[in-house]
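Undergrad: Let me begin by handing over the structure; questions about it come next.
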Amino acid sequence: MSPIFSALNKALITGSTLSLVGHDPYMSYNFAVEIGGVVVGGFSEVSGLSSQIDLESYEEGGLNNFVHKFPKHTTYPNLILSRGLVKIDLFYMWYEATSQGLIQLLNGTVLLLNSRQIPVMWWTFKKAYPVKWEGPQLNASSDDIAVEKIELVHQGISSL
């Protein structure tokens, strides 16, 4: 049996045992983001933590009521990180360098924290660089925080 299937079976058994104990789900507002080894704070939203396996269909001769579907490859959408605008805007500097052909690939992690601010789950993305930057929506009649967004392309997400 492969190590992945062994780990999956162990997790299923552990999960079945833990479900008897009962637990509260983690809150989605309690997270931190690390990029290039530095925890970058103040994020209000992270989206794009997903992946999808693309399929190839194959119609077998003689079987008119069934189509085989085989996995081809896994795709990942871009990550979009939103945060309050601060005085030193490293994200815009990273984006500006990329737009001039100076591409710096950075790894990062999105950490889900429990109520004591301890990481309980995390998703690591690799070889990311910015492909879009969006500045704040300015409105004189609003007291909202000025938020910037940066969109990162990357080479995959792994969950630990």
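The values are calculated or read from the model by the stated rules, or taken from the named source; none is laboratory data. None of the values given here were measured: they were computed from a predicted structure. Note that each Cβ is placed from the backbone with ideal geometry, even for glycine, and that neighbours are counted across all protein chains shown.
Undergrad: (1) aliphatic (A, V, I, L, M); (2) over 30 Å from residue 27 (Cα atoms); (3) at pLDDT 90 or above: which one isn't true of residue 53, the others all being true?
TA: Residue 53 satisfies all of (1) aliphatic (A, V, I, L, M); (2) over 30 Å from residue 27 (Cα atoms); (3) at pLDDT 90 or above except (2).
Undergrad: Conditions first: (1) in contact with a strand residue (DSSP E or B) (Cβ under 6 Å, 6 or more places away or on another chain); (2) of a type in the set (A, V, I, L, M, F, W, C); (3) touching a residue at least 40 places away in the same chain (Cβ under 8 Å). Residue 86 passes all but one, so which condition is the exception?
TA: (1)
Undergrad: I've got another one for you. Being more than 14 Å from residue 48 (Cα to Cα), among the small types (Gly, Ala, Ser) and either touching a residue at least 12 places away in the same chain (Cβ under 8 Å) or buried (at least 16 other Cβ atoms within 10 Å of the Cβ) (or both) is true for just one of 108, 101, 135, 156. Which residue is that?
TA: From the options 108, 101, 135, 156, the qualifying one is 135.
Undergrad: Next up: So which of 158, 57 ends up being polar (S, T, N, Q), in contact with a strand residue (DSSP E or B) (Cβ under 9 Å, 6 or more places away or on another chain) and under 22 Å from residue 37 (Cα atoms)?
TA: Details: 57 fails: under 22 Å from residue 37 (Cα atoms).
Of the residues listed, the single one that is polar (S, T, N, Q), in contact with a strand residue (DSSP E or B) (Cβ under 9 Å, 6 or more places away or on another chain) and under 22 Å from residue 37 (Cα atoms) is 158.
Undergrad: Could you list, in sequence order, the residues of the stretch 138-155 that are at pLDDT below 95 and either part of a strand (DSSP E or B) or under 23 Å from residue 98 (Cα atoms) (or both)? Break it down into steps so the answer makes sense when it comes.
TA: Start the filter on the stretch 138-155 by keeping residues that are at pLDDT below 95, which leaves 138-150.
Matches in the stretch 138-155: 147, 148, 149, 150.
Undergrad: With the requirement that a residue be loosely packed, with under 14 Cβ neighbours inside 10 Å and either polar (S, T, N, Q) or within 24 Å of residue 134 (Cβ to Cβ) (or both), what does the stretch 52-86 give you?
TA: Taking the stretch 52-86 first, the residues loosely packed, with under 14 Cβ neighbours inside 10 Å are 52-75, 86.
Selection gives 52, 57, 64, 65, 74, 75, 86.
Undergrad: Do you know which residues across the stretch 87-98 are surrounded by 12 or more Cβ atoms within 10 Å (Cβ to Cβ) and in a loop (DSSP other than H, G, I, E, B)?
TA: 89
Undergrad: For the stretch 122-136, check the following and say yes or no: at least one residue is within 20 Å of residue 156 (Cα to Cα) and of a type in the set (Val, Ile, Thr).
TA: Yes: one or more hits.
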